[in-house]
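The structure under discussion appears below in the form of structure tokens.
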Amino acid sequence: MGLSFWFAPEVIFEARWRRQLHQHGGSSATGGWAAGRDLIVVHERSTRLVGVDPRDGTTVWDVPFGTWPRAVVVSGDWCVGIAQNIAQLVCFDLSSGQRVWSADLPGFTGHLVCAGGVVLAGGWRGYTPLMAFDLRDGAPLWHSPRPVTTVAPVAVGEQVLLADPTTGDLRLIDPRDGNPVNAWPVPEPLVGDDSRTAFATLDAGRLLIAGASGAQWQIDPATSGARRFSTAGAGLPRAALVVGGLVWLPAADGLVAVDPDTGGVRHRVRLDNRLVGLVETDFGFVAAHRTGVLTGIDHEGKIRGRLVIDRQTAGLYQHETAGTLLFGKGTLSAGTLHG
């Protein structure tokens, strides 16, 4: 039987299932989970990686993994991850949880991205080189001659985009050999974050990256282009959120909704800016705050209502099968927000 949480007379969150993670929820929501259409992979009980059926929240598989993941990524039929306390890259079969291969890594290796049949690891805080492995069998392909510093990389088709947060330098590389495809600068330092990306995808050919000043920079990897997109959130350097056809910029007093083509401001919403997620609903949008509050926002940018959903919220996401995924304090819930 579903659970219903009301935050205005005309709007409810109806939870289809709720799962106890038996640990602090934040470790699962920030880097410790990944999903395909038919399976959600989440970190539980401090040392386990669990495959969860998105339809009902039941366990599909449960395997030993390690503590507090530095990264977990799903790519095709595979799930790869790095635990904090084990210097290994581990690959699991996504459907069964069977361990397929593992590769030794230097200590303090972080960041993972999959592209073109390759797993690229390393570059977290500049502690390690970049290292590439064949996704099928873990065979090492190449590694950089020295440590590299990058924000969490992103796949751009079958290539990988890297960004040095200190210099603002961007590099698009071929993950199979590490050779550069394009390189260009952003004229300021960038946002660096251990677990959340600094990038946001506008469409197939455009991305945004957050500058340290709070400005958002639009980048086009195909043409090595970078231009200032918006300074509407200036003063609060965080990654943009692209939801419901709008670019949402965290600002000092809440959120600013920006047109993705013109950069013009559509809405300014005054709310708690300790955001951990934003999703689209049939009535507009819902923003999740670290304090455990969900805020409903209509299509005109007006606050529709609020709900205290938990003592703490670590993440709010959309999943094509589960619906709305909500990471609370040691829980994962799936359901529907509607009015």
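The values are calculated or read from the model by the stated rules, or taken from the named source; none is laboratory data. Remember, predicted model here, so these are calculated numbers, not experimental data. Backbone-built Cβ (ideal geometry, glycine too); neighbour counts: all protein chains shown. Heavy atoms of the whole protein, side chains included, go into the accessibility calculation; ligands, DNA and RNA do not. Shrake-Rupley method; radii C 1.70, N 1.55, O 1.52, S 1.80 Å.
Things to note:
- Scanning region 180-201 for residues that are modelled with pLDDT of 90 or more and polar (S, T, N, Q) returns Asn182, Thr201.
- Selection status of Val73, modelled with pLDDT of 95 or more, open to solvent by less than 60 Å² (accessible area, probe 1.4 Å) and closer than 22 Å to Val276 by Cα: yes
- Looking at region 194-282, the strands (runs of 3 or more DSSP E) lying wholly inside it that each contain 1 or more residues that are out of contact with any helix residue (DSSP H, G or I) (no Cβ under 7 Å at 6 or more places or on another chain) and more than 18 Å from Thr295 (Cα to Cα) sit at 199-203, 206-210, 216-220, 225-230, 254-258, 265-270.
- Residue within region 202-224 that is on the phi > 0 side of the Ramachandran plot and either modelled with pLDDT of 95 or more or of a type in the set (S, T, N, Q) (or both) present: yes
- First in region 140-168 and closer than 19 Å to Val73 by Cβ, second anywhere and open to solvent by 70 Å² or more (accessible area, probe 1.4 Å) and among the hydroxyl-bearing types (Ser, Thr, Tyr), Cβ under 8 Å, 6 or more apart: Val154/Thr201
- Enumeration of residues in region 48-57 that are free of Cβ contacts under 8 Å to residues at least 24 places away in the same chain and part of a loop (DSSP other than H, G, I, E, B): Asp53
- Residues (within 14 Å of Asp93 (Cα to Cα) and among the hydrophobic types (A, V, I, L, M, F, W, C)) located in region 61-76: Trp61, Val63, Phe65, Val72, Val73, Val74
- Checked against (1) in a loop (DSSP other than H, G, I, E, B); (2) surrounded by fewer than 17 Cβ atoms within 10 Å (Cβ to Cβ); (3) at pLDDT below 95, Ala152 meets all criteria but (2).
- Ala121 vs. criteria within 25 Å of Val186 (Cβ to Cβ) and open to solvent by less than 10 Å² (accessible area, probe 1.4 Å): yes
- Among the residues making up region 131-147, those that are touching a Gly at 6+ places or on another chain (Cβ under 7 Å) and either polar (S, T, N, Q) or crowded, with 21+ Cβ neighbours inside 10 Å (or both) are Met131, Ala132, Leu135, Ser144.
- Residue in region 206-221 that is hydrophobic (A, V, I, L, M, F, W, C), over 30 Å from Phe108 (Cβ atoms) and open to solvent by 10 Å² or more (accessible area, probe 1.4 Å) present: no
- Extreme residue, surrounded by the most Cβ atoms within 10 Å (Cβ to Cβ), among residues of region 163-177 that are out of contact with any Leu (no Cβ under 7 Å at 6 or more places or on another chain) and of a type outside the set (D, E, K, R): Thr167
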